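Everything on this sheet refers to the single structure shown next.
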Amino acid sequence: MRTGGDRPRPRFARFYARMTEEMDRHGLRGLRAELVSDLRGEVVEIGCGNGRNFAHYPDTVTAVHAIEPEPHLRALATQAAATAPVPVEVTPGRGEAIPLPDQAVDAAVLCLVLCAMPDPDRTLAELTRVLRPGGRLVFLEHTLAEGRLLRTAQHVADATIWPRLYGGCHTARDPLGSIRAAGFDVARHRYLHYPQRPTVPASPHVLGHAVRTPTPPER
């Protein structure tokens, strides 16, 4: 079994915990519920943060392995797990080295985490390892804007202050392309803006689900 270490960001963690409460009140709660609504069996959630997704897991999920490298957020997620409608185990770890054996889970959840991953491609390769063949990956991620002006603003933000303010977040990544390149078949996705007003570099998102192919590409 592979293991990973902590990634402490105490100032950002406290800011993020307050920010997610506000974001949920302004529409993110509904997106979280949509994200996980069709899952079943054993699930791994990468970068679970303070556990805001836990309340939305359906009773078709038998267990959630929630991985979080930031100690303060992990403590908050452990508290959230205690009142979740399904069994949730919160453990330390990083997406680049998921602490689970091969083909251990039926589904995986990525929610606003690939943007801050030092190596998102390695994280996706790890997901192909821990998912069973035919397993599902659901995702809600920042994505590259379609419009030229907003896309330019994203690149400027990523090259300057945005990652410093928001825990390493990069708004101009292409998660859908990365997911496909990792060997997943994208079954459904849609683009959306959240928040719609005001529009900021992090507004463009992609929400969808993909399926692990029987034989993921070698890396």
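The values are calculated or read from the model by the stated rules, or taken from the named source; none is laboratory data. Quick caveat, the model's predicted, so the values are computed rather than measured. Positions of Cβ are generated from backbone atoms using ideal geometry, with glycine treated the same way; all protein chains shown enter the neighbour counts.
For residue 69, the conditions (1) without any contact (Cβ under 8 Å) to a residue 40 or more places away in the chain; (2) part of a loop (DSSP other than H, G, I, E, B) are fulfilled apart from (1). Looking across the stretch 1-59, the residues that are of a type in the set (S, T, N, Q) and either touching a residue at least 24 places away in the same chain (Cβ under 8 Å) or in a helix (DSSP H, G or I) (or both) come down to 3, 20, 50, 53.
For the stretch 158-207, a residue qualifies if it is part of a strand (DSSP E or B) and more than 16 Å from residue 145 (Cβ to Cβ), and the qualifying residues are 184, 185, 186, 187, 188.
Of the residues making up the stretch 190-201, not a single one is touching a Lys or Arg at 6+ places or on another chain (Cβ under 7 Å) and either free of Cβ contacts under 8 Å to residues at least 12 places away in the same chain or of a type in the set (A, V, I, L, M, F, W, C) (or both). Please go through the stretch 169-189 and give me each residue that is free of Cβ contacts under 8 Å to residues at least 60 places away in the same chain and surrounded by 15 or more Cβ atoms within 10 Å (Cβ to Cβ), ordered by number. The answer is 169, 170, 171, 172, 173, 174, 176, 179, 183, 186, 189.
Taken over the stretch 203-218, residues that are at pLDDT below 95 and out of contact with any Gly (no Cβ under 6 Å at 6 or more places or on another chain) amount to 3.
For first residues located in the stretch 98-118 and over 28 Å from residue 157 (Cβ atoms), partners that are among the acidic types (Asp, Glu) and surrounded by 17 or more Cβ atoms within 10 Å (Cβ to Cβ) and lie 6+ apart or on another chain with Cβ distances below 6 Å form the pairs 98/126; 105/42; 106/42.
Counting only residues that are more than 18 Å from residue 185 (Cα to Cα) and either within 15 Å of the chain's Cα centre (by Cα) or of a type in the set (Val, Ile, Thr) (or both), how many does the stretch 98-110 have?
Narrowing the stretch 98-110 to residues more than 18 Å from residue 185 (Cα to Cα): 98-102, 104.
So of that shortlist, the ones also either within 15 Å of the chain's Cα centre (by Cα) or of a type in the set (Val, Ile, Thr) (or both) come out as 98.
So the answer is 1.
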